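Below is one structure, written out as structure tokens; the observations come after it.
The values are calculated or read from the model by the stated rules, or taken from the named source; none is laboratory data. What you are looking at is a predicted structure, and each value in this text was computed from that prediction instead of being measured. Here the Cβ positions follow ideal geometry from the backbone for every residue, glycine too, while neighbour counts run over all protein chains shown. Protein only, heavy atoms only, side chains kept; ligands, DNA and RNA dropped before computing areas. Shrake-Rupley method; radii C 1.70, N 1.55, O 1.52, S 1.80 Å.
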Amino acid sequence: MAPKPEPSRRVVADNRAARFHYTIEDTLEAGIALTGTEVKSLRGGKATIGEAYAGPSGGDLMLFNCYIPEYLEANRFNHEPKRPRRLLLHRRQINKLIGATQRQGYTVVPLKIYFNDKGRAKIELGLGKGKQAHDKREASKERDWQRDRARLLRDRG
């Protein structure tokens with residue numbers, strides 16, 4: 001039997017600093033409620049989720065502070081670049097994430113925005129806790145040591 005093909009995902013925006021600032025304990029995929037001009041702008045590959053976060057708003061989970069630039073050809077039908085966007089999740093998932101943020105001190109952090117193989121815009125969310133400064137230093141030391149170790153092993157053959 002042939003191996004299952006890897007799902008094709010075209011990443012639009014990646015929050016690489018999230019794993020440095022947070023210890024991500026759980027990840028999940030969610031849809032995003034977007035307007036037409038936002039989708040066209042995302043297809044152009046321009047979005048920023050570095051300062052974005054997800055939080056509760058009126059019983060739903062919303063994505064705040066995500067920057068999707070205006071689509072230049074849209075004229076007056078354009079969207080607001082930093083408007084709150086509704087995340088499309090099941091009610092049980094929403095309740096789990098809201099409960100974790102309110103009771104246990106977790107943060108819902110967007111990790112990446114991508115288009116799945118059906119062409120739908122999706123967002124990968126991570127449920128994590130913020131790291132302390134000494135944890136960040138330790139992670140940086142470990143990463144540097146792994147890089148140096150790989151370099152030494154490569155040079156020795």
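Side notes on the structure shown:
- Single residue of Lys136, Lys112 found to be open to solvent by less than 60 Å² (accessible area, probe 1.4 Å), part of a strand (DSSP E or B) and among the basic types (Lys, Arg): Lys112
- The residues listed here are Thr37, Thr107, Thr48; of these, the one that is open to solvent by less than 40 Å² (accessible area, probe 1.4 Å) and β-branched (Val, Ile, Thr) is Thr37.
- Residues in region 30-77 that are part of a strand (DSSP E or B) and touching a Pro at 6+ places or on another chain (Cβ under 8 Å): Tyr53, Ala54, Ser57, Met62, Leu63, Phe64, Tyr67.
- Any hit, region 42-61, residues being of a type in the set (Phe, Trp, Tyr) and more than 16 Å from the chain's Cα centre (by Cα): no
- Any hit, region 3-19, residues being loosely packed, with under 13 Cβ neighbours inside 10 Å, closer than 30 Å to Ser140 by Cβ, under 17 Å from the mean Cα position of the chain (by Cα) and among the β-branched types (Val, Ile, Thr): yes
- Sole exception among (1) over 19 Å from Ala30 (Cβ atoms); (2) surrounded by 10 or more Cβ atoms within 10 Å (Cβ to Cβ); (3) without any contact (Cβ under 8 Å) to a residue 12 or more places away in the chain for Lys96, by number: (1)
- Test result for Phe77, in contact with a helix residue (DSSP H, G or I) (Cβ under 9 Å, 6 or more places away or on another chain), touching a residue at least 60 places away in the same chain (Cβ under 8 Å) and open to solvent by 50 Å² or more (accessible area, probe 1.4 Å): no
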